[in-house]
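K.L.:
To start, I am sharing the structure in question, which I have written as structure tokens.
The values are calculated or read from the model by the stated rules, or taken from the named source; none is laboratory data. In this text, all values refer to a predicted model and were calculated from it rather than measured experimentally. FYI the Cβ positions are ideal-geometry reconstructions off the backbone, even for glycines, and counts take in every protein chain you see.
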Amino acid sequence: MVESSRICYKIISQIIKHFDWNWVGIFVSDDDSGETDQLVLSEYLSSYGICVDFIIKFNAHISQRDEINRNINTVRSSSAQVIILCGSFNYAIIEFFQNAPAIFYRKTFILNPSWTTNTFIASNKAEAFNKTITIDLNDMTLPENGSFFNNICLSKQPNDKLLEDIGERDYWCRLSDVSKNRLNFMNTDFHDLYLYRCPYTGVVVFPKYFVTLGHPPRVYNALYVMALAIHTLRKYLRDPVNKANMKAGNYKSQLHHFIKKTPDLLKMNKPFFNENGEFITHYLIRQWFKVQKVTQYVTVGQYTEFASEDKKLLIDPSKIQWRTKNNEVPKSRCTDKCLPGYRKVPREGAQTCCYDCARCPDGEISNRSDSENCIKCPDTEWPNEKKDQCIPRPEEFLSYSDVITAVFSVLSALFFLITIGILIIFIIFKDTAIVKANNTSLSFLLLVSIMLTFPCVFLFLGRPVDITCMLRQSTFSIVFSIAISSVLGKTTMIYIVFKATKPGSVWKKWVNMKISNAVVLTFSLIQVMINITWLAASPPFQELDTRSYPGKIIVQCNEGSVMAFYSILGYMGLLAAVSFIIAFLARTLPDSFNEAKYITFSMLVFCSVWIAMIPAYLSTKGKDMVAVEIFAILTSSAGLLGCIFSPKCYIILLRPEMNTKAYLLGSRNKVTST
């Protein structure tokens, strides 16, 4: 009944993974057992992402000094601090230990059961293997016949070859077969080991580990299980029907069937056979300690194959003593682990356990150590400074908490109140000459439209939503187009009136027509139609821009149709240009009746502001872009208000003597006569 070596190497691989090691060395016997164990171990190590730095094979022959030195250099130059011993027990490995003890005393060894049960190591090489981790089979004790080992006298049974071998191995008694003595130790160079003729004639007291950890209890249990299986098979075959159904050559398979049914009878922690027919039992993870020349075994963990996945491997790290300073867990890795926020970058030509660490690129994180790849954060999130977690991106827009917002709000309210004040002045003094001379109705319409442009600023403030996105550009463009159309109407009428004063002028028939009203209505309706078409076809909407600036979300308005947006701006520019041209042509007309110079200057201000605004608008994003447009709105509206109405207010309030029809006519005649 042989325990599965595959399970043992699976346990070893899990132990290595448990302590976060990924870089190990292997000592293996150069025989069939070593070859098989190496393949199984390598398979499990690879499945757990563990790499093997070196594999040194030891055969049963005397190693050459060059080979020993080469192997010593291999171990010395390796960064692997954990070495696994697999295959069958080999004295050549023990000899290798003696050649470089200083190197191996710094390493951590893990032994498989075939090495653990060898009493030679525990008896004679405990110092070299001090604090070694071992995989032991569950303690097994012999039943009632266990007392047999307590009543053996070697001298009374000199011809018992088994006892002679036991005496040679455990008590260094010289064998009667001289060739056998040479065979056992021909491959060793141990100066502290020698054989002598045993004078001992008393009862041999076998060490406890020989009875519990050694082979006797396993041999006994194997024979016991086999006997039970054969007994059960014989009882099965007593039935003629069963015997008749049993085909020749099927006894082996049937015997195996009954063997699999017997383990529970042994009461050995529920051992059983797996689907491959391998015997599975409870395993103990132990550590060897040498205390005052006595080897002790401390159980530091266990492995139960038939337990739940999270309880299969249980290790108590507080019971483990390491060979390092401060009893720290040794590090056995090809490279240090990549911290969260980094990813692994394979080294060319190196094993997968050897890699470099690269910082995650912008917008990506890794939230665990040794990440193969970085994870892209959602569009609404961004990596923190360490790039180990995604955090919500701060939103950027022209919020009410910004200082610039407060400035714009105060200016907008101030200009709004100033416009109301001017409107009140014009209403109070509507019957005066200066107000009548400049088309009262158009002046009122111009004042109201300018006044309404200032509250439009508040549509640009705060967090944009779909409704404000649709209203902000449309409302301002329509209101401001009415203002410019009013200016154009005033300029047109000024030009027509003074052209009609010349004898035989063809403009006389246009004087009594309400040209200015038609101009305002027509050109304002065109802007309204452009906006209606825009809102119906491709209206503006709220947009979250996550690409322009790393680490933040720009909450902005997508204008929908870029062509429509620039059409309304271009149309306002066209109206301003026409007004500027007509006003420029009428600039030489009599000053008292002429606003052309002021209109010219106001249109010059408007054009300068918006021409300068366009490149600034295109080169900025987020709240800066909104601030540029608000500045253009306030500046152009204030320019119209100041250039056109401040001279009139000056005359009305400060120079009332100039606000008379006689003064205006006198100025006109004076200008005409010159």
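K.L.:
So Asn326 ticks every box in (1) under 25 Å from the mean Cα position of the chain (by Cα); (2) at positive phi; (3) not hydrophobic (A, V, I, L, M, F, W, C) but one. Which box is left unticked?
P.N.:
Unmet condition: (1).
K.L.:
Is there a residue in the range 621-630 that is surrounded by fewer than 19 Cβ atoms within 10 Å (Cβ to Cβ), of a type in the set (Gly, Ala, Ser) and part of a helix (DSSP H, G or I)?
P.N.:
No: zero hits.
K.L.:
Same structure again: In the list Asn438, Asn367, which residue meets the criterion of being within 30 Å of Ala596 (Cβ to Cβ), in a loop (DSSP other than H, G, I, E, B) and in contact with an Asp or Glu (Cβ under 6 Å, 6 or more places away or on another chain)?
P.N.:
Asn438
K.L.:
Sticking with this structure for a sec: Looking at (1) within 24 Å of Ser516 (Cα to Cα); (2) surrounded by fewer than 15 Cβ atoms within 10 Å (Cβ to Cβ); (3) not aromatic (Phe, Trp, Tyr), find the lone condition where Val435 falls short.
P.N.:
Going through the list (1) within 24 Å of Ser516 (Cα to Cα); (2) surrounded by fewer than 15 Cβ atoms within 10 Å (Cβ to Cβ); (3) not aromatic (Phe, Trp, Tyr), Val435 breaks only (2).
K.L.:
Please list, ordered by first then second residue, the pairs with beta carbon atoms under 7 Å, 6 or more apart or interchain, first in the range 10-24 and in contact (Cβ under 8 Å) with a residue 60 or more places away in the chain, second among the acidic types (Asp, Glu).
P.N.:
Close Cβ pairs (under 7 Å, with a partner that is among the acidic types (Asp, Glu)) amount to Trp23/Asp53; Val24/Asp53.
K.L.:
In addition: Picking from Phe97, Phe58, Phe104, which residue would you name as being modelled with pLDDT of 80 or more and aromatic (Phe, Trp, Tyr)?
P.N.:
Answer to the selection: Phe58.
K.L.:
Which members of the range 440-460 meet the condition of being β-branched (Val, Ile, Thr), farther than 10 Å from Val479 by Cβ and in contact with a helix residue (DSSP H, G or I) (Cβ under 7 Å, 6 or more places away or on another chain)?
P.N.:
Val457, the sole residue that qualifies.
K.L.:
Pull up the range 654-666, narrow it to residues that are surrounded by 10 or more Cβ atoms within 10 Å (Cβ to Cβ) and within 16 Å of Lys436 (Cα to Cα), then point me to the one that is modelled with the highest pLDDT.
P.N.:
Pro656
K.L.:
Also: Scan the range 388-432 residue by residue and report those that are surrounded by fewer than 19 Cβ atoms within 10 Å (Cβ to Cβ), small (Gly, Ala, Ser) and not in a loop (DSSP other than H, G, I, E, B).
P.N.:
Across the range 388-432, the qualifying residues are Ala406, Ser409, Ala413, Gly421.
K.L.:
For the range 13-32, name all the residues that are at pLDDT 90 or above and either closer than 13 Å to Gly87 by Cβ or touching a helix residue (DSSP H, G or I) at 6+ places or on another chain (Cβ under 6 Å) (or both).
P.N.:
Ser13, Ile26, Phe27, Val28
K.L.:
Please go through the range 430-457 and give me each residue that is at pLDDT 90 or above and either under 60 Å from the mean Cα position of the chain (by Cα) or under 14 Å from Cys649 (Cβ atoms) (or both), ordered by number.
P.N.:
Leu446, Leu447, Val448, Ser449, Ile450, Met451, Leu452, Thr453, Phe454, Pro455, Cys456, Val457
K.L.:
Hey, among the residues in the range 348-382 that are more than 30 Å from Ser78 (Cβ to Cβ) and free of Cβ contacts under 8 Å to residues at least 24 places away in the same chain, which one's surrounded by the most Cβ atoms within 10 Å (Cβ to Cβ)?
P.N.:
Here the residue is Cys377.
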